[in-house]
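Heads up, the thing below is written out as structure tokens.
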Amino acid sequence: MNLLYSNDSAGTFPPSWYAATAHPRQPADQLRGDASADVCVVGGGFTGLSAALHLAERGYSVALIEAHRAGFGASGRNGGQLGSGQRVEQTDLEKMVGDAEALKLWELAEDAKDLVKHLISKHNIECDLKPGIAHATFHKSETAHEHAYVEHLQTRYGYEQIKALSAEELHTICPSPRYKGGSLDMGAAHLHPLNFALGLAQACEKAGVTFYENTHVHHIKEGTKIVIRCDTGRVLADHVILAANGYLGGLNRRVAGRVMPINNFIAATEPLGEDAARVLTQDIAVADSKFVVNYFRLSADNRLLFGGGESYGYKFPDIDKTVRKPMVEIYPHLKDIKFDYTWGGTLAITMKRLPYVARVGTNILSASGYSGHGVGTATHAGKLMADAIAGHAEGFDTLSRIPNTPFPGGPALRTPLLTLAMTWYAMRDRLGV
């Protein structure tokens, strides 16, 4: 079974609120026969689109191959949160890689946010970019930790766009009695992810990138010219960028051993009207301290877009039930609200919840495993791979030095072992440990 086709119709966006409000883009033709390019990018999400755009702007000929449509995967389905830092807190990174390397990773993460905002401005991408993400905590101990971390970012990294919130201060923004405080980061942001992806695709086309959509890559053969074999033809290239994230499948065993696809789910309620103020009083996004994170925000038409719940198999579960349970824990008054849209998508995680960025073959680069932090990190990783191909690999090499161990048991056993581990963490969430 192939995750590319397990839950979705070929070449069709899932029936999400994002797809219903997307700016239309004409699909590209399917690959037919042989083609060639300086660089072939496999995957049309944030990573691949950014890589293709930056390479084309440097004068490279670029072919981008997407099994469905640009923005089809996690890039067009996620919570739309452009967060600060890496997926792992800086204090943990300092212990993992040392202060100097942790500082480089912080600076790269700041560059990632700036890059997204720059691309939106430069290419006039209409994707409802708004500032502000709150991090909400469930327990006093978590609140104390969050406040200490805010102080650490302010004093060690000079980051002044974040502030600590008491329970009362958080409740003025997010009036849920479940939360006991947190922080507000106005340097972070949220956006319509599918419209951002489609805007990047249009920018790529204007820059001269050749798109092949509805084209499935099934094999890559290294050689003097790398051969990218598809169901309907092949591309010969000098360089390859693997940018398929959770949908990479078995194209590269080294990546498959370190990057694990998982499914996550979002629901969009019916418009809330004036009741929207009982959910959020400011136009910000929220992510909380659960191990399986709840994340949410209001849409431009005053719906609650709520993400929560994960699964680890090929087929999606009952999405309404999966999302409604954590949503009602946060907002009990919404237990009978109608969902106008529910959808799922496949993202990818790593053992350490940090991206896996590597040279995985002769002239083959890969970036994936953003672990729910992909809006900025994936977009930036695409640029860093383009820079590396052009001979400027400092940023790429910094990310590639992150320790990223394989999942125990490799691709064959990673799913059952992860399911066992996630069951444990879910129990900790329920018990409040």
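The values are calculated or read from the model by the stated rules, or taken from the named source; none is laboratory data. Remember, predicted model here, so these are calculated numbers, not experimental data. Neighbour counts are summed over all protein chains in view; Cβ atoms, including those assigned to glycine, are modelled from backbone coordinates with ideal geometry.
General remarks:
- Scope the stretch 291-309; condition surrounded by 21 or more Cβ atoms within 10 Å (Cβ to Cβ) and in contact (Cβ under 8 Å) with a residue 40 or more places away in the chain; matching residues: 295, 296, 297, 303, 305, 306, 307, 308, 309
- Wholly enclosed strands (runs of 3 or more DSSP E) of the stretch 226-320 bearing at least 3 residues under 21 Å from residue 369 (Cβ atoms) and either of a type outside the set (Ser, Thr, Tyr) or outside the structural domain of residue 71 (by TED's automatic domain parsing) (or both): 233-242, 260-269, 304-311
- Within the stretch 1-24, the set of residues being at pLDDT 95 or above and more than 15 Å from residue 345 (Cβ to Cβ) comprises 20, 21, 23.
- Looking across the stretch 203-231, the residues that are within 13 Å of residue 119 (Cβ to Cβ) and buried (at least 19 other Cβ atoms within 10 Å of the Cβ) come down to 203, 204.
- Scanning the stretch 40-60 for residues that are among the aromatic types (Phe, Trp, Tyr) and touching a Ser or Thr at 6+ places or on another chain (Cβ under 8 Å) turns up just one, 46.
- Out of 85, 98, 59, 158, sole residue that is surrounded by 20 or more Cβ atoms within 10 Å (Cβ to Cβ) and of a type outside the set (Ser, Thr, Tyr): 85
- Among the candidates 330, 349, residue that is surrounded by 21 or more Cβ atoms within 10 Å (Cβ to Cβ) and either at pLDDT 95 or above or over 30 Å from residue 241 (Cβ atoms) (or both): 330
- Flag: residue 66 matches the condition of being among the charged types (D, E, K, R) and either buried (at least 24 other Cβ atoms within 10 Å of the Cβ) or modelled with pLDDT under 95 (or both).
- The conditions of being assigned to a loop (DSSP other than H, G, I, E, B), touching a Leu at 6+ places or on another chain (Cβ under 8 Å) and surrounded by 21 or more Cβ atoms within 10 Å (Cβ to Cβ) are not met by residue 382.
- For residue 339: the one exception among (1) farther than 22 Å from residue 44 by Cα; (2) crowded, with 21+ Cβ neighbours inside 10 Å; (3) hydrophobic (A, V, I, L, M, F, W, C): (2)
- Residue 182 vs. criteria closer than 30 Å to residue 237 by Cα and in contact with a helix residue (DSSP H, G or I) (Cβ under 7 Å, 6 or more places away or on another chain): no
- For residue 374, the conditions (1) farther than 19 Å from residue 71 by Cα; (2) out of contact with any Pro (no Cβ under 8 Å at 6 or more places or on another chain); (3) not polar (S, T, N, Q) all hold with the exception of (1).
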